[in-house]
Amino acid sequence: MAPASSATLITVAPTGAEHAKADLPQLPTTLEELVETARTCEAAGAALIHLHIRDDEHRPTLDGGHLRAAVDAIRSETDLVVQLSTGGSVHDPLEQRLTVLDAEPDSCSLTCGTTNFGDDVFLNPWGFMSDLYVQAQEREVVPEFELFELGHVHALRRLIDTHGLPFGGKVHVDFVLGVPGAMPGTAAALMAGVAMLPDEVTSWSATGIGRTHLPVLAGALSAGGHLRVGMEDNVVFARGQQVQHNAELVARAAELATTMQRPPMSTTDARELLGIKPRR
């Protein structure tokens, strides 16, 4: 695995598929809100945006028109690396989740196995993972491998052994910790996962869900990892204080990264780190 970077890749995941707009009016769900969020978070230090898309009723959707409109708008208004979720919501069929690549994002998420997800099951069988990996190679889209369990690290090893390196030749993973039913959001769990990473991994980041947000952020920074923050993962800034804008979480991550002598990475350096293809 490559040595730690002297800068920090900050990913913002602004929306997700779980929170309801009625409960969180500040959650960015419209195209205009997403573009404003992207601009503001880029200015605050983010270099990559991880997108779940909502329809006109603010419900999660994998509609190709909505996905492409978001990718095109954010690509035209910012220099952020645009990553689309292939997870959708836990209720989306596998076949439809593969169509996300039709929107031609810079990057896509690829979850390396099935996991308990609160009261639901997030389904990612081997055949789906393998098909997504190969289709991303063919379409020159860079996958980010999402790891919710230690077993997912072994599944990543199997994907690389079966299909070779992803497009771009880099292997970037994101540990997602603190989901009810999956790995706990602790530094110990994170370090166990990092210790298991295949040698082909060139960079890693970590995400702490809910109240594990700050412990995971601190653990990742201290171990040379990168960060993902955003209202998809955490809507509480501090005790009794709800997040009002994703930029608050990005700015705090950027401040902590700078304090740790690993300031936010530029979008240019992020593209090099991840092996992103120019698409403008």
Highest-fluctuation residue, Gln241, Gln137, Gln96 considered, GNM on the chain with Cα pairs under 10 Å: Gln241
Cα gyration tensor, region 1-121 - rounded (a/c under 1.5), prolate or oblate: rounded
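For the chain, what does the accessible surface come to per residue with a 1.4 Å probe? Please give it in Å². Walk me through the numbers on the way to the answer.
Working: 11100 Å² over 280 residues.
Value for the chain: 40 Å² per residue.
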Reported label for calculated Cα extents along the principal axes in Å given (1) 67, 43, 31; (2) 44, 41, 40; (3) 58, 43, 33: (2)
Positive dipole terminus of region 144-214, leading residue within Ser205, Val179, Ala155 (C-beta point charges): Val179
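Based on DSSP, what percent of beta bridges with both residues in the chain are antiparallel, to the nearest 5? Intermediate results must be reported in sequence, preceding the final value.
Numbers: 7 of 36 bridges.
Around 20 percent of the beta bridges assigned by DSSP in the chain are antiparallel ones.
If packing is taken as the average count of other Cβ atoms within 10 Å, what order do 125-131, 44-50, 219-225 fall into, highest mean first? Mind showing how you got there, number by number?
Details: 125-131: 15.3, 44-50: 27.6, 219-225: 20.0.
Ranking the peptides 125-131, 44-50, 219-225 by packing returns 44-50, 219-225, 125-131.
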Fraction of beta bridges assigned by DSSP in region 1-93 that are antiparallel (%, nearest 5): 25 percent
Extension gain (nm, one decimal) between Glu18 and Arg139, 0.36 nm per residue minus Cα-Cα: 40.7 nm
Prolate/oblate/rounded label for region 140-280 (Cα gyration tensor, a/c 1.5): oblate
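To the nearest 500 deg cm²/dmol, what mean residue ellipticity at 222 nm is calculated for the chain from DSSP H runs of n ≥ 4 alone, each contributing -39,500 (n - 2.57), summed and divided by the residues? Let's see the in-between values first.
Values: 9 runs with 103 residues, N = 280.
Result for the chain, helices only: -11500 deg cm²/dmol.
Where both partners of a DSSP beta bridge lie in region 79-228, what percent of those bridges are antiparallel, to the nearest 5?
Numbers: 3 of 22 bridges.
Once the DSSP bridges in region 79-228 are tallied, antiparallel ones form about 15 percent.
Could you size up the charge dipole of the chain around its Cα centre, putting +1 on the beta carbon of Lys and Arg and -1 on that of Asp and Glu, and report it in debye to the nearest 20? All intermediate terms of the calculation are to be shown ahead of the outcome.
Working: 20 positive and 36 negative charges, 145 e Å.
So the magnitude is around 700 debye.
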The chain: most fluctuating residue of Asp63, Asp23, Asp174 per GNM, C-alpha cutoff 10 Å: Asp23
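The values are calculated or read from the model by the stated rules, or taken from the named source; none is laboratory data. The shown structure was predicted, so the numbers you read here are calculated from the model rather than taken from an experiment. Methodologically, a virtual Cβ is constructed for each residue, glycine included, from the backbone with ideal geometry; neighbour enumeration extends over all protein chains shown. Only protein heavy atoms, including side chains, enter the accessible area calculation; ligands, DNA and RNA are left aside. Shrake-Rupley method; radii C 1.70, N 1.55, O 1.52, S 1.80 Å.
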